[in-house]
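Worksheet: the structure to be examined is printed underneath.
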Amino acid sequence: MAPSGPAPQKKSALGEFFGSSIAQKYIVAITGLLLVLFVIVHLVGNLQMFAGQDAVNQYAVMLRSMGPLLWVARIGLIVIFVLHVSTAFRLYRRNRAARPTAYVTQSTVQASIASRTMIFSGSFVFLYIIGHLLHLTFGLVLPEHAHLVDSMGRHDVYSMVVLGFQNKLVSFFYIAAMLVLWSHLRHGISSMFQTVGVRCPRVAPFTDQLGPLLATVIVVGYIAIPLGVLAGIIALPPGVTP
Amino acid sequence: MEFTIRVWRQAGPGSKGELKVYRANNVSADSSFIEMMTELNIHLLEMGDEPVAFEADCLEGICGTCSMMIDGVAHGPEKGTTTCQLFMRSFKDGATITVEPFRAGAFPVLKDLVVDRSAFDRIVQQGGFISVNTGNAPDGNAVLVPKDQAETSMDAAECIGCGACVASCKNGSAMLFVSAKAAHFANLPQGQAERYRRTILMVEQMDKEGFGACTNQYECEAVCPKEISVNFIGQLNRDYMVGKLKGAGGK
């Protein structure tokens, strides 16, 4: 008898691979690692706020002068970011579907709050990043600070940041977003090692501590900047008025 | 001891269930949870009511048949314990205890507390074995197994396939079960020939059954009656990728 009905769709080997739950988790883990590296490099750049106006503005000129390389970095970052977020949401949907009927009572024995709220902390950081870009990259939030020029004719990034953080509301949201990022990273960084299969009994004590530790170092570094501005340690250069 | 028991009652696979409240009086502190439920059923039968359907078999914590979500924790509050080895002295006198079935899309409820866990059997059928030619029994020590490898393999082989990992996982993931079944062989010389093929086929079946993906919260490890380590999940993730790179897994 001839087979009837539509022929089963043959997926490509690559499509089949990226459909698997473990492969998707690898994508989230590896893009997550790259994003953590970006967050660290970004922090090193930002901490130059403590070195004064000249250092920051010169750093900004250096970044802008990278030309095509800057665009490679930007597009690469966007691709990594989109992959991280979209794959995480695909997994989230799969996980929701895996338990169609919820428990009436479900207790938690050892899962941390951070680990159980990754999708929410991630979504909050995502929204924050949009606001962050609108503020400091596109200059659409507080536009009066976006086009300052320093005495050497460079774009005055330093004063833009100081003026931004002198606004208590901006500082408040920034610090709140960093605390949420801390929650996301403290689970995410440790989790990465397990997902890519590096977490074996010998290294587990190290990788399990690395997440909370690195997340704390990163977030303390970022929060130091608005706190420095509010405390007057990072001050406006002479000639610039709020 | 006296308890108020809230039990999930569901007539059949498709029907709507609900929690019903019963009283359990004169319960011995030394009776197991299964014995308490049995006494409750005797009482229900005497009253002309339908007894609560649940599963139990060996009653010594090694078969993996009993499966109850007790106060929101798979197999109840004691660590490293199955429901049948959970004793009523673990609860406070007069407590209200909520009992639900293990819930997952891949574990449909058949009746009351009984769920269909044959998804696990189908995963094991994909590779939870080693292929051997039949014939004379091999010499006892023909294949030497280093002690530490034998221990690791045994730690994984302890898994009794009860499904508590799936039940407790916020994502309904079966990774702890699958990783234990794969690691059981992946850590023995006899399991090497089919190591990567086994891993890939079992993971594919796991996905097909509709289990969720692991987000490394390790709730499974916390409730596992055999205390299977999540280290095996790391090994499964590693072997899956190595296998894919080697091109293993084709039938």
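Some points to look at:
- Answer residue from segment A:60-94, given it is of a type in the set (Ser, Thr, Tyr) and touching a helix residue (DSSP H, G or I) at 6+ places or on another chain (Cβ under 8 Å) and is least open to solvent (accessible area, probe 1.4 Å) among those: A:THR87
- Spans of helices (runs of 4 or more DSSP H) in segment B:144-251 with at least 3 residues within 12 Å of chain A (Cβ to nearest Cβ) and surrounded by 24 or more Cβ atoms within 10 Å (Cβ to Cβ): B:164-168, B:175-186, B:195-208, B:219-223, B:231-246
- Condition met for B:GLY64 (surrounded by fewer than 18 Cβ atoms within 10 Å (Cβ to Cβ) and out of contact with any strand residue (DSSP E or B) (no Cβ under 9 Å at 6 or more places or on another chain)): no
- Criterion violated by A:ALA204 - all others in (1) more than 22 Å from A:ALA114 (Cβ to Cβ); (2) over 22 Å from the mean Cα position of the chain (by Cα) satisfied: (1)
- Identity of the residue in segment A:115-129, more than 11 Å from the chain's Cα centre (by Cα) and assigned to a helix (DSSP H, G or I), that ends up farthest from the other protein chains (Cβ to nearest Cβ): A:PHE120
- Residue tally, condition within 16 Å of A:ASN46 (Cβ to Cβ) and under 23 Å from the mean Cα position of the chain (by Cα), over segment A:131-177: 17
- Applying a threshold of 6 Å to beta carbon distances and a minimum spacing of six or more residues, or different chains, the list of pairs starting in segment A:74-92 at a residue that is within 14 Å of chain B (Cβ to nearest Cβ) and ending at one that is not in a helix (DSSP H, G or I) reads A:LEU91/B:ALA213.
- Pair list, Cβ under 7 Å, 6 or more apart: segment B:65-85 residue within 12 Å of chain A (Cβ to nearest Cβ), other residue modelled with pLDDT under 95: B:ASP71/A:THR105; B:ASP71/A:SER107; B:GLY72/A:THR105; B:GLY72/A:GLN106; B:GLY72/A:SER107; B:VAL73/A:SER107; B:VAL73/A:VAL109
- Residue in segment B:36-54 that is out of contact with any His (no Cβ under 6 Å at 6 or more places or on another chain), open to solvent by 40 Å² or more (accessible area, probe 1.4 Å) and within 30 Å of B:LYS170 (Cβ to Cβ) present: yes
Residue-wise test of (1) in contact (Cβ under 8 Å) with a residue 60 or more places away in the chain; (2) not aliphatic (A, V, I, L, M).
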residue	(1), (2)
B:LEU144	no, no
B:GLN149	no, yes
B:THR152	no, yes
B:ILE160	yes, no
B:VAL166	yes, no
B:ALA174	yes, no
B:ASN187	no, yes
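- Flag set for B:ARG89, criterion: assigned by TED's automatic domain parsing to the domain that holds B:ALA74, part of a helix (DSSP H, G or I) and on the phi < 0 side of the Ramachandran plot.
- Qualifying residues in segment A:149-166 (those that are touching a residue at least 24 places away in the same chain (Cβ under 8 Å) and open to solvent by 60 Å² or more (accessible area, probe 1.4 Å)) - the one farthest from A:TYR59 (Cα to Cα): A:GLN166
- Test: residue in segment A:190-211 that is touching a residue at least 24 places away in the same chain (Cβ under 8 Å), more than 11 Å from every other protein chain (Cβ to nearest Cβ) and in a helix (DSSP H, G or I): no
- Meets criteria (surrounded by 18 or more Cβ atoms within 10 Å (Cβ to Cβ) and away from chain B (no Cβ under 14 Å)) for A:ALA146: yes
- Among the residues making up segment A:211-229, those that are under 16 Å from A:ASN46 (Cβ atoms) and either touching a Cys at 6+ places or on another chain (Cβ under 9 Å) or open to solvent by 20 Å² or more (accessible area, probe 1.4 Å) (or both) are A:VAL217, A:VAL220, A:ILE223, A:ALA224, A:LEU227.
- If only residues of segment B:5-31 that are closer than 16 Å to B:ILE70 by Cβ and of a type in the set (Ser, Thr, Tyr) are counted, the one that is most open to solvent (accessible area, probe 1.4 Å) is B:TYR22.
The values are calculated or read from the model by the stated rules, or taken from the named source; none is laboratory data. Computed from a prediction, not measured in an experiment: that's the story for all the values here. Please note: Cβ atoms are built from the backbone with ideal geometry, for glycine as well, and neighbour counts cover all protein chains shown. Ligands, DNA and RNA are stripped out before the accessible areas are found, and what is left, the full protein with its side chains, is counted by its heavy atoms. Shrake-Rupley method; radii C 1.70, N 1.55, O 1.52, S 1.80 Å.
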